[in-house]
Amino acid sequence: MKKTLILILCLFLCTVSFARKRVKVACVGNSITYGIGVSDPDKESYPARLQQMLGEGYTVERFGKPGATLLNKGHRPFMQQKEFKDALAFAGDVVVIHLGVNDTDPRDWPNYRDFFIADYRALIDSFRVANPECRILIARLTPIADRHPRFESGTRDWHDEIQLAIETIAKYAQVQLIDFHAPLYPYPFMLPDAVHPDKEGAAVLAKTVYEGITGDFGGLQMPEIYTDNMVLQHGRLLTIQGKADAGEKVTVSIDRQQLQAVTGADGKWAVDVRPLKAGGPYTLTVSTEKRKQVYENVLAGEVWLCSGQSNMEWGIKVRKEYADDIAASEDPLLRLFFVPKNTSLQPLTDIEVPQGTSNPERAARWVLCTPEMLAKINGQGFSATAYYFARDMRAANGRPLGVIQSAWGGTRAEAWTSLSGLKQEPALAHYVAAYEKNVKDNPEILATYPQKQKEFDEAVREWDKTVGKEWNQAQKEWAIAVQAAQADGKPAPPKPQPRVPRPPNPRKPNGGNNGPSNLFNAMISPLIPLSIKGVIWYQGEFNSGGSGKEYATLFSRMITDWREKWGIGDFPFVYVQLPNFEPVDPEPSVEGNGWRWVREGQLKALNLPNTAMAVTIDVGDPFDLHPVDKYDVGHRLALAARKLAYGEKIVGMGPLYKKMSVKGNKIILEFTNQGKKLVMGTSPYIPAGKPPHPKPTKLTGFGIAGADRKFVWADAVIEGNKVIVSSSEVAVPLAVRYGFSNSPLCNLYNEKGLPASPFRTDSWDK
């Protein structure tokens, strides 16, 4: 009996011991795995951090050899090192491999790249022999910062080639791929020597491995763009996506469709919903065994993203002129979504609502368009331009409509373009360099910004009391003087300048709202899970000046970048060409502040497929960067969208220059989008209390030049659908420019009241 009890006890103890058997995790790699870069590798290396995160059920060992290469013909092959033999003897249940960084050495990759995949397969197979049941994770390489001495000499390109090879290996060797690159890339300050992560960087790597091993991603999570009252794009295959724990089954239900997906090892899942019929309301349900998300009052209709800078952000509550339109805005089939302002050095997967966001209860949430909500969003109301666009679109087709406002005043196009997008255009390399500098400087900026901002605020308050007050009064007097001078046919007096410049803003964390890619990362990237019909865009003022000529390249790259990121084809992209601003130019082809080059860049973007432009050269304000007439802007955007996106048989844009011919001392111009005829016209906007615009008696805005390239005012007349341009001062004309200056006075329209775009027939530098 005693022997029996002892035997039972032994079996029990063995069972308990087996139940408590620790999972062995072997971390294999080079100096990064070893822990070079941290003060105490035994406690601060990523394997040590991983042990802390996994807890008592795991035994984590690190087998890192500084300088080790994956290549067996490299300068220090890992498979020839003691650490490799020790890792095999350990026979891990889980093996995490991070090798390849040292293979970027010119001694290695250029000579032996063809062996990399085979050598990596051999390494993987060796661990499978040691433990046939082992689970293997291989990592994309950690970044090499641009400060590295070999970065420009080939290492950067070789690093990218190795990344592609690792992704190929993961696919064909059927091992799990984890990403050591993306989490660290925006933070080169976590790589003090340009290669090795510090303790914070090691913690990032540990978290990545922890998620990869455990599949613990925090359970079911949906992007913030999914809320009650949302609008889904109708008539198109929809991808509904989110996150959950690895291996979790996710069920998505809508409109009698029930779809299932199993969450991948990266915590992501997605299902494709068959096209929904416009209308609703629908209920969208997303659930796992543990959680359920239910979204009510969902509509299927059109979804348009409205983005840009201040003239897109300009709230409808700001001016009293919009009050009647606010009062009449009730429309339950029009839904509004406001993206709060935010910046980020890395692409965000979801919208973040920063502290201090105006009306945080209204941010990042779909709401029905009511007078109250239209006026409350963001404290200044929803975008006036976006609302007038939406109102016209709703009247045109009657379908439910969702408009998303993602805009920030005073911002540049490079801030709205992804880093990968900027990298694809060599002419924009200086923006990539600026991004990398912002990343490098960010730790110091974060540490000093609160104090510098406090000092700035105090300096500005003092400046406003003295210099600013004087300057504001001087500008008011100048505006009156300009109007009087123009009424008398005299040149406008020079614009006054402050006697002391306004204190400069301190550099903001995360590159500020004009750091390259920062707004794309924070305010566009999180929206990509949502399918859209198209985009309306109003921006360009802050890309004038010295970078005005570059706008043609930058803007086209931005449009293409957005389309690439969404992956739903060349969706309609409709944008506003900059209006007139500042006093009327006394001469043709005045440089001014570079707005003419931005307008030309916007005109050139029409060469991209599925684009359209709303010309607003007639609705600007000479003394206000934010012209009050947002109705005509929204209306023209809607006309262009109706023509472009829905194929309506309407005139969607104003006349566009097509070609020219020379006949004697005259240049004959031909146009597209002229409708039935070309006409002389005036701005449709009449300020309250002002008389109607006088009916024009002659065409204005045309300049003509000969071989001397000096433009003079031209006589221009409409003959049929052509414009004939000439001047007694130019006997042999070579080129015509129309409205090609900072603030032109133009009056060429089509019969639908849409103005012609400024243009030039030449390609001269000035």
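The values are calculated or read from the model by the stated rules, or taken from the named source; none is laboratory data. Only a predicted model underlies this, so the values are computations on that prediction, with no experimental measurement involved. Methodologically, a virtual Cβ is constructed for each residue, glycine included, from the backbone with ideal geometry; neighbour enumeration extends over all protein chains shown.
Criterion applied to Ile568, Ile532, Ile536 was being farther than 23 Å from Gly681 by Cβ and assigned to a strand (DSSP E or B), and the one residue passing it is Ile536. The residues on offer are Tyr295, Tyr226, and the sole one that is on the phi < 0 side of the Ramachandran plot, buried (at least 16 other Cβ atoms within 10 Å of the Cβ), in a strand (DSSP E or B) and hydroxyl-bearing (Ser, Thr, Tyr) is Tyr295. Checking Asp325, Asp350, Asp331 one by one, the residue that is touching an Asp or Glu at 6+ places or on another chain (Cβ under 7 Å) and among the acidic types (Asp, Glu) is Asp350 and no other. Taking Tyr58 as the residue in question, decide whether it is in contact with a helix residue (DSSP H, G or I) (Cβ under 8 Å, 6 or more places away or on another chain), surrounded by 19 or more Cβ atoms within 10 Å (Cβ to Cβ), of a type outside the set (Gly, Ala, Ser) and in the same structural domain as Glu200 (by TED's automatic domain parsing). No. Take the conditions part of a helix (DSSP H, G or I), under 27 Å from the mean Cα position of the chain (by Cα) and among the basic types (Lys, Arg) and apply them to Lys207. Does it pass? So Lys207 fits the description; yes. Please tell me if Glu414 is part of a helix (DSSP H, G or I) and either among the polar types (S, T, N, Q) or touching a helix residue (DSSP H, G or I) at 6+ places or on another chain (Cβ under 6 Å) (or both). Taking the combined requirement at face value, the residue satisfies it. Residues in the stretch 155-181 that are touching a helix residue (DSSP H, G or I) at 6+ places or on another chain (Cβ under 9 Å) and either at positive phi or assigned to a loop (DSSP other than H, G, I, E, B) (or both): Ala173, Val175, Phe180, His181. I'd like to check something: does the stretch 669-684 contain any residue that is modelled with pLDDT of 95 or more, out of contact with any strand residue (DSSP E or B) (no Cβ under 6 Å at 6 or more places or on another chain) and either within 17 Å of Thr761 (Cβ to Cβ) or of a type in the set (Phe, Trp, Tyr) (or both)? No, the stretch 669-684 contains no residue that is modelled with pLDDT of 95 or more, out of contact with any strand residue (DSSP E or B) (no Cβ under 6 Å at 6 or more places or on another chain) and either within 17 Å of Thr761 (Cβ to Cβ) or of a type in the set (Phe, Trp, Tyr) (or both). Counting only helices (runs of 4 or more DSSP H) wholly contained in the stretch 59-149, the ones carrying 2 or more residues that are of a type in the set (A, V, I, L, M, F, W, C) and on the phi < 0 side of the Ramachandran plot occupy 82-90, 116-130. Checking the stretch 378-389 against the condition returns a match, with at least one residue being under 22 Å from the mean Cα position of the chain (by Cα), more than 30 Å from Lys649 (Cβ to Cβ), at pLDDT 95 or above and not polar (S, T, N, Q).
Among the residues of the stretch 539-564, those that are part of a loop (DSSP other than H, G, I, E, B) and under 19 Å from Asn513 (Cβ atoms) comprise Gln539, Gly540, Ser544.
Scanning the stretch 523-539 for any residue that is small (Gly, Ala, Ser) and at pLDDT below 95 turns up nothing.
Val574 fulfils the conditions (1) more than 20 Å from Trp597 (Cβ to Cβ); (2) part of a loop (DSSP other than H, G, I, E, B) except for a single criterion, (2). Summed over the stretch 718-737, residues that are part of a strand (DSSP E or B) and either more than 44 Å from the chain's Cα centre (by Cα) or at positive phi (or both) total 2. The residues of the stretch 146-173 that are exposed (fewer than 14 other Cβ atoms within 10 Å of the Cβ) and modelled with pLDDT under 80, listed by number, are Pro149, Glu152, Ser153. Residues in the stretch 247-283 that are on the phi > 0 side of the Ramachandran plot and not in a strand (DSSP E or B) were compared, and the one that is surrounded by the most Cβ atoms within 10 Å (Cβ to Cβ) is Gly267. Looking at the stretch 709-716, is at least one residue touching a Leu at 6+ places or on another chain (Cβ under 6 Å) and surrounded by 15 or more Cβ atoms within 10 Å (Cβ to Cβ)? Yes - at least one qualifying residue is present in the stretch 709-716. Before we move on, is Gln497 modelled with pLDDT of 90 or more and more than 30 Å from Tyr387 (Cβ to Cβ)? Judged against the criteria, Gln497 is a match. Tallying residues that are outside any helix (DSSP H, G or I) and either among the polar types (S, T, N, Q) or on the phi > 0 side of the Ramachandran plot (or both) within the stretch 30-58 yields 6.
Filtering Val101, Val94, Val129 for residues that are farther than 22 Å from Pro66 by Cβ and buried (at least 20 other Cβ atoms within 10 Å of the Cβ) leaves a single hit, Val94. Among Ser329, Ser358, Ser344, which is the only one that is within 29 Å of Gly398 (Cα to Cα) and polar (S, T, N, Q)? Among Ser329, Ser358, Ser344, only Ser329 is within 29 Å of Gly398 (Cα to Cα) and polar (S, T, N, Q). For the subset of the stretch 738-766 comprising residues that are part of a loop (DSSP other than H, G, I, E, B) and polar (S, T, N, Q), which member is surrounded by the fewest Cβ atoms within 10 Å (Cβ to Cβ)? Result: Ser763. If you go through the stretch 113-141 and keep only what is more than 27 Å from Tyr210 (Cβ to Cβ), of a type in the set (D, E, K, R) and either in contact (Cβ under 8 Å) with a residue 12 or more places away in the chain or touching a His at 6+ places or on another chain (Cβ under 6 Å) (or both), you end up with Arg113, Asp119.
Residues that are assigned to a helix (DSSP H, G or I), out of contact with any strand residue (DSSP E or B) (no Cβ under 7 Å at 6 or more places or on another chain), farther than 22 Å from Gly67 by Cα and hydrophobic (A, V, I, L, M, F, W, C) are absent from the stretch 183-199 altogether.
Of all the numbered requirements in (1) within 27 Å of Glu600 (Cβ to Cβ); (2) part of a helix (DSSP H, G or I); (3) of a type outside the set (Asp, Glu), Lys476 misses one, and that requirement is (1).
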